[in-house]
Amino acid sequence: MTWDVVVVGAGPAGSAAARACAEAGLATLCIEEHGTIGYPVQCAGLLSASAFAECGVSKRSVQNEVSGARMVSDLGGELLFDARATKAYVVDRCLLDREMAEEAAGAGAEFLLKTSVSGIRGFSLLTRGVRGREEIPFRLLIAADGPRSSVARMLGFRRPGLHLAGIQADVPCAVDPRYVELHPNASPDFFGWVIPVSATRARIGLCAREGAKDHFDRFIARYGENCVHLVSGVIPLGVMPQTYGRRALFVGDAAGFAKPTSGGGVYTGIRSAKHAAAVAAACVARGAFDDGSLRDYERLWKEDFGKELDIGMKVLRIRQKMTPKDIDRFCRALNDPDLIKTIVEHGDMDRPGALIRRLALKPALARAMGILFASGVRQILTG
C-alpha cells in the first residue's frame with residue numbers, strides 16, 4: 001500500500017497533522033518511535049488558551065488554570081499581571097498527547113508505535129521497530145519529529161541555528177495557583193519559570209545555551225531539595241531556511257517553530273500542521289508533489305505566524321544583551337497601572353507583536369525608553 005501521507009512523530013504537531021489529513025480523506029499513517037505516546041515528557045506543559053483550543057480535545061488533561069503572571073527580577077523589581085480569567089492551562093502532556101492521537105485515530109489515521117525511521121529511499125520510508133524492518137511507500141511526508149529531526153538530516157535540510165537546553169522538575173512547594181512566575185535572571189540567555197500545578201506543587205525549570213544544569217541547580221535550590229520528576233529537552237529557535245521540499249513538509253519543532261519569547265511550540269506546531277495538511281490534500285488531489293506545489297505551505301505559515309517568530313527572535317537577541325540590572329530597571333519602569341492594564345487586556349502568549357506596538361504608543365513607557373533603546377528595541381517598536 002502507498003500512503004497518501006506518512007507523518008513522522010506523534011506529538012501534538014504530528015497528531016494534529018494526522019487528524020487533519022485523515023479528515024481530508026487522505027490515507028494517513030503516523031509513525032512514533034516510542035512505545036507510549038506522550039512519553040518521555042519534554043515540555044513545560046503550559047499552554048495558552050489559544051494553543052489549548054487548537055488541540056481540539058477535552059479538558060481531561062487540564063491540571064490547573066492560570067489567570068496571570070508574576071515577573072521577578074531578583075533585584076527587587078517585580079510585576080504582576082492578573083486578567084482574572086483563564087489565560088493559560090497547565091496540562092498533563094501525556095494525557096494531552098494521547099487524546100490528540102486518539103482523535104486522529106478516530107478520524108481514520110493509523111498509528112505505528114515503537115518504530116523509527118532508518119532511511120529514505122526514493123518515495124519510501126525505511127523503518128525498523130516492532131514489526132522489524134519495513135519499507136513504507138508514501139506520496140508525501142510530514143516531518144513532526146522534533147528538534148533533532150531525522151527526516152531533515154536524511155534529506156539534507158539545514159537545521160535551525162540556535163538550540164537551548166531545558167531542564168525542569170516537579171517540586172512540592174507552596175505557590176499561588178493563579179500565577180506563573182517568570183525569573184529572567186535565573187538564566188543569562190532566557191528565563192526561569194515556576195508553573196503552578198496546584199497550590200502545593202509546581203514545575204520549576206529554565207533554559208540556557210550553556211551550563212543549563214548549573215543554572216538550574218542554583219535556581220531550584222530556592223525551593224528545597226525534594227524533586228518529584230526531572231525532565232530535560234531541547235528547544236530549537238530560528239526557523240530552518242526552507243521548510244518544504246523533496247516531498248516533505250516540516251512542522252513544529254522539526255521546522256524550528258518554537259516561540260523565541262517563551263520557548264512554547266504547541267500553538268505554532270498545530271497551526272503549521274493544519275497548513276501542511278491543507279497543502280497535502282491539494283497535492284494529492286492534483287497528483288503533484290514537486291517543490292513548486294509544496295511551496296504554498298511556506299507561504300501559509302508565514303502569513304499566519306511568521307512575523308511573530310521574526311519579532312520573537314529580535315526580542316530574544318535584545319534580552320541576551322541585557323544585564324540583571326537592565327532587567328530590574330525595566331521591570332520597575334513597566335510597573336505602571338496603565339501599562340499593566342494594556343498588558344492584561346492585549347497580552348497574547350502566541351502573538352506578542354500587537355501588544356508591543358500598543359505599548360510603543362503609551363507615554364508611560366517613556367520611563368523605560370533609555371533601557372529599551374540601549375538594548376536595540378527601537379526597530380521592533382517602530383516596525
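Normalising the average separation of contacting C-alpha pairs (under 8 angstrom, six or more residues apart) by the number of residues puts the relative contact order of the chain at 19 percent. Calculated FRET efficiency, Leu95 to Arg153, Cβ-Cβ distance, R0 = 41 Å: about 0.85 to the nearest 0.05. Between Val197 and Ala202, Arg203, the built amide H atoms are under 5 Å apart, and every one of these is 5 or more places off in sequence or on another chain.
Judged by the ratio a/c of the largest to the smallest principal axis of the C-alpha gyration tensor, the chain counts as prolate, that ratio being 1.5 or greater while a/b is larger than b/c.
With θ taken as phi - 60° and the Karplus curve 6.51 cos²θ - 1.76 cosθ + 1.60 applied, the whole-hertz 3J(HN,Hα) list for the stretch 250-256 is 9, 10, x, 4, 4, 8, x Hz, x standing for glycine and proline.
With the simple model of a label 7 Å out from the Cα in the direction of the Cβ, Glu210 to Thr36 spans 3.7 nm. A Förster radius of 22 Å, combined with the Cβ-Cβ distance separating Phe123 from Lys302, puts the computed FRET efficiency at roughly 0.25. DSSP finds beta bridges in the chain, and of those with both partners inside it, around 75 percent are antiparallel.
Electrostatic bookkeeping for Pro147 treats Lys and Arg as +1 and Asp and Glu as -1; over the other residues with beta carbon under 15 Å from its beta carbon, the sum is +3.
Provide the per residue accessible area, probe 1.4 Å, for the chain, rounded to a whole number of square angstrom. For the chain, the per-residue accessible area is 43 Å². Length gained on full extension, Glu102 to Arg218, computed as 0.36 nm times the residue gap minus the Cα-Cα distance: 37.8 nm. Surface composition of the stretch 204-279: carbon plus sulfur atoms hold 46% of the accessible area, using a 1.4 angstrom probe and ignoring ligands, DNA and RNA. Of the residues Glu102, Glu181, Glu134, the one that moves most in a GNM of the chain with alpha-carbon contacts below 10 Å is Glu134.
Comparing Leu309, Leu300, Leu249 in a Gaussian network model of the chain, where Cα atoms under 10 Å apart are tied by springs, the biggest mean-square fluctuation is seen for Leu300.
Compared with the dominant principal axis of the Cα atoms in the chain, helix 307-321 is inclined by about 50°. If the chain linking Lys114 and Ser198 were pulled fully straight, counting 0.36 nm for each residue of separation and taking away their Cα-Cα distance, it would gain 26.9 nm. Expressed as a whole percent, the accessible surface of the stretch 90-142 that belongs to carbon and sulfur atoms is 44, based on a 1.4 Å probe. Where only DSSP H runs of four or more residues are counted, the chain gives -10500 deg cm²/dmol as its mean residue ellipticity at 222 nm, each run worth -39500 (n - 2.57). What aspartates and glutamates could a cross-link reach from Lys307, if we take a straight Cα to Cα line under 12 Å and drop same-chain neighbours fewer than 8 places away? Answer for Lys307, where 12 Å is the Cα cut-off: Asp350, listed by chain and number. State the extension gain, in nm to one decimal, for the chain segment bounded by Ala285 and Arg133, taking 0.36 nm per residue of separation less the distance between their alpha-carbons. Residue separation times 0.36 nm, minus the Cα-Cα distance, leaves 51.7 nm.
Each residue of the stretch 123-132 was assigned a 3J(HN,Hα) from its phi angle through the Karplus curve 6.51 cos²θ - 1.76 cosθ + 1.60 (θ = phi - 60°); the sequence is 10, 10, 9, 8, 10, 9, x, 4, 9, x Hz, with glycine and proline shown as x. If you take all other residues with their beta carbon under 12 Å from the beta carbon of Ala69, and give Lys and Arg +1 and Asp and Glu -1, the sum is -1. GNM on the chain, alpha-carbon springs under 10 angstrom: the most fluctuating residue among Arg209, Arg246, Arg218 is Arg218. Our coupling estimate for the stretch 32-48, obtained by passing each phi through the Karplus curve with A = 6.51, B = -1.76, C = 1.60 and θ = phi - 60°, is 10, 6, 8, x, 10, 5, x, 9, x, 6, 9, 8, 5, x, 10, 10, 4 Hz, Gly and Pro reported as x. Listed by chain and number, the lysines placed with their C-alpha closer than 26 angstrom to that of Lys302 are Lys87, Lys259, Lys274, Lys314; residues fewer than eight positions away on the same chain are left out. Each of Lys362 and Glu78 was given a label point 7 Å from its Cα along the Cα-to-Cβ line. The distance between the two points is 2.0 nm. Taking amide H atoms as placed 1.01 Å from N in the peptide plane, the amide H of Cys30 lies under 5 Å from those of Val7, Glu110, Phe111, Leu112, each 5 or more residues away in sequence or on another chain.
The values are calculated or read from the model by the stated rules, or taken from the named source; none is laboratory data. It should be emphasised that the depicted structure is a prediction, and the values quoted were computed from it without experimental measurement. Note: ideal-geometry Cβ built from the backbone for every residue, glycine included; neighbour counts use all protein chains shown. Ligands, DNA and RNA are stripped out before the accessible areas are found, and what is left, the full protein with its side chains, is counted by its heavy atoms. Shrake-Rupley method; radii C 1.70, N 1.55, O 1.52, S 1.80 Å.
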